[in-house]
Every structure is written in structure tokens, then in C-alpha cells.
Amino acid sequence: ETGVTQTPRHLVMGMTNKKSLKCEQHLGHNAMYWYKQSAKKPLELMFVYSLEERVENNSVPSRFSPECPNSSHLFLHLHTLQPEDSALYLCASSQETGYNGDEQFFGPGTRLTVL
Amino acid sequence: GEDVEQSLFLSVREGDSSVINCTYTDSSSTYLYWYKQEPGAGLQLLTYIFSNMDMKQDQRLTVLLNKKDKHLSLRIADTQTGDSAIYFCAEKNDYKLSFGAGTTVTVRA
């Protein structure tokens, strides 16, 4: 595997379910990101991790819970979601967070539908 | 705060040039980016420009930056059907990327 991978690619869940999204980067990067992409809206930055420490939490509801066990893996745990949480969830990684020219590499995303 | 705006749709004939425009508000942005998203895929970095540059050319892609007006454009020469995608403009300040809503480019024969 190369680059940034995300599983599952598609997920349908009920509002009472608990599920997790997984992201893995094979680039040796130190920073990882979760974004939410809703139709015709700008990407929303949700969480940023640098060396497994959370450095950004953009007022995201507590029903979204991130976990970064090491610099290669990032999870987004989901529970009691709402239909408006249906979106494409994108993971990205970059070498560092403090370097302005650092490119973020994106995974293909998980298409989440909440019924 | 950051606010990046782009038009939502662009239709272009195959072989013509496409121009996608973007405006941003954060004058302290140091880098500006263009990303491409094809159906079912994540975002792919196309090109970027440092804020002290006016223009950058990379094969069929030309980026123009007017820092005074906070206006960024992406020109795709000789547009092909494979260029059909959503194009996102983004500005970067520190580690934060602020994206526009994306411009859907449709290439017609």
C-alpha cells in the first residue's frame, strides 16, 4: 500500500450505531488530519494530530471521537450520529504541522450515510 | 477569519482553455493551492504558489496570483475529458488549509 488509505470506503449506519473510520499513511509523516466534506460546501477541518498529540479540535461535536495511537494510524470513532453528519470524511497527512509549505496528502475518503 | 470563494460550475469545450477563479480573504496566507478531486477519490494536489510570486507555470497549468486583490486563478490549457473534476482552491496559514467549495469542471466534446 502506498500513500494514504482509508477504510471502509462506504459506510451506512443508523443513529444508534457505533462505528469507526480508519486511516493509515505509508509516507512516514508526523501529522494527520480529519476533514468533513459536505456537498457544495468547503472542506471543514475537524481534527489535527502531530506526533500523536491532538493540536486542533475545531468545535466538533463529541459524537465524533478521534484517536491517534501512532503517527501512521488515525481513527474516527462515531456514535449516536445525526443524518446531517452524512458526508465524505477525508483523512490527510503531512510531514509536519509547523512548516507552511508542507503538502497534505489526502486519502480517498469514507462516504458515510446516517439513516 | 478565513473565507475562500469560487464559482460552483464551469463548462468548457474539449481543446479550449479553462480558467477557474478564486478569491480569498486572509492576507497572511503564505501558500495557495489548487487541488483536483475526481469522482470517488480524495483530493490530489495539482499545483501551489508561494504568496510572493505572481505566476507559476507547470505544463498545461498556469497559476496567477493577484495578492493585492486576493485573487487566484488556475488556467488549464488544451482541456481534455480527463480534466473533468472538482477543483478546489485553498489557502494556507500555519498548518491550516482553508478550502473553497470547489468548482465542478465539465468538459464537453
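Of all the Cα-Cα pairs you can form in the protein assembly as shown, what percent are over 28 Å apart?
Beyond 28 Å sits 31 percent of the P(r) for the protein assembly as shown.
Compute and list, largest first, the equivalent-ellipsoid semi-axes of segment A:38-78 from the alpha carbon gyration tensor, each √(5λ) rounded to a whole angstrom.
Semi-axes (√(5λ), whole Å): 20, 12, 10.
Rg(Cα) of chain B divided by 2.2 N^0.38 Å?
Relative to the 2.2 N^0.38 Å estimate, chain B comes out at 1.01.
Looking only at Cβ-Cβ distances, which cysteines of chain A have no other cysteine closer than 4.7 Å?
A:C68
How many angstrom separate the Cα center of segment A:43-87 from the Cα center of segment B:40-109?
A separation of 27 Å, based on Cα centres.
Can you compute the radius of gyration and Dmax for segment B:48-109, using only the Cα atoms, both in Å?
Looking at segment B:48-109, its Cα Rg and Dmax stand at 12.9, 42 Å.
Divide the volume of the convex hull of the Cα atoms of segment A:6-115 by its number of residues and quote the answer in cubic angstrom per residue.
So the per-residue hull volume is 96 Å³.
Is there a quick way to get the dipole size of chain B? I mean about its Cα centre, with the Cβ of Lys and Arg at +1 and of Asp and Glu at -1; what is the value in debye to the nearest 20?
Taking the Cα centre of chain B as origin, the dipole is about 120 debye.
Students often forget the sequence filter, so: which lysines lie under 16 Å Cα-Cα from A:K41 once same-chain residues fewer than 8 apart are removed?
In chain and number order, the partners are B:K36.
Could you list, in their original order, any pairs among A:K19/B:K92; A:K22/B:K96; B:K68/B:K96; A:K18/B:K96 whose Cα atoms are separated by more than 27 Å?
Result: A:K19/B:K92; A:K18/B:K96 exceed 27 Å.
Read-outs throughout are calculated quantities, based only on the coordinates presented, and are distinct from any laboratory measurement. Computed from a prediction, not measured in an experiment: that's the story for all the values here. Glycine also receives a Cβ, built like all others from the backbone with ideal geometry; neighbour counts cover every protein chain displayed.
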